[in-house]
Amino acid sequence: MDNLNFTTQDILQKEFKTKMRGYDPTEVDEFLDQVIKDYEAYDAKVEELTSNNQRLRSRNDELTKQVTVNKNVQSAQPNPTVTNFDILKRLSNLERHVFGAKLDDNQQDGPRKLNN
């Protein structure tokens, strides 16, 4: 708002010269014209800032949603520190749990021969 002509103090302290019938109308009109220009500039700046604020809030909402989606995707991805050994161990435990004693019985009997 660098293009404002008056501060509130300037307006408050403005003194008009009096003539026989009161203030000089030309001087008052000129002053009021400048005040009107200031208010128009102020109003335009407020509209610009309001528009920018709405645009930035919208962009912030978009980015917040993207961050949330990215966090969800990252949490769904496997831990990169898990090794193949860890995966095989988990798979073995899962097989033992699912097949239980059947798996242990087959291992004790040894390999089966195929009947031809």
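With ASP86, ASP38 as the choices, which residue is in a helix (DSSP H, G or I), among the charged types (D, E, K, R) and at pLDDT below 85?
ASP86
Only one residue in PHE6, PHE31 is outside any loop (DSSP other than H, G, I, E, B) and open to solvent by less than 80 Å² (accessible area, probe 1.4 Å), so which one is that? Show your work before the answer.
Details: PHE6 fails: outside any loop (DSSP other than H, G, I, E, B).
Result of the check over PHE6, PHE31: PHE31.
Quick check on region 72-81. Is at least one of its residues over 39 Å from the mean Cα position of the chain (by Cα) and modelled with pLDDT under 85?
no
Take TYR39 and decide whether it is aromatic (Phe, Trp, Tyr), over 36 Å from the mean Cα position of the chain (by Cα) and surrounded by 10 or more Cβ atoms within 10 Å (Cβ to Cβ).
no
Which pairs have Cβ atoms under 7 Å, sit 6 or more apart or on different chains, and link a residue in region 28-51 that is under 17 Å from LYS17 (Cα atoms) to one that is surrounded by fewer than 14 Cβ atoms within 10 Å (Cβ to Cβ)?
So the pair list comes out as VAL28/PHE16; PHE31/LYS14.
Any residue in region 43-53 that is at pLDDT below 90 and either open to solvent by 100 Å² or more (accessible area, probe 1.4 Å) or closer than 30 Å to PHE6 by Cα (or both)?
Yes: region 43-53 contains one or more residues that are at pLDDT below 90 and either open to solvent by 100 Å² or more (accessible area, probe 1.4 Å) or closer than 30 Å to PHE6 by Cα (or both).
The values are calculated or read from the model by the stated rules, or taken from the named source; none is laboratory data. This one's a predicted model, so the numbers in the text were calculated from it and none came from an experiment. Here Cβ is always computed from backbone atoms with ideal geometry, including for glycine, and neighbour counts include all displayed protein chains. Quick note on the areas: whole protein, heavy atoms, side chains included, nothing else; ligands and nucleic acids left out. Shrake-Rupley method; radii C 1.70, N 1.55, O 1.52, S 1.80 Å.
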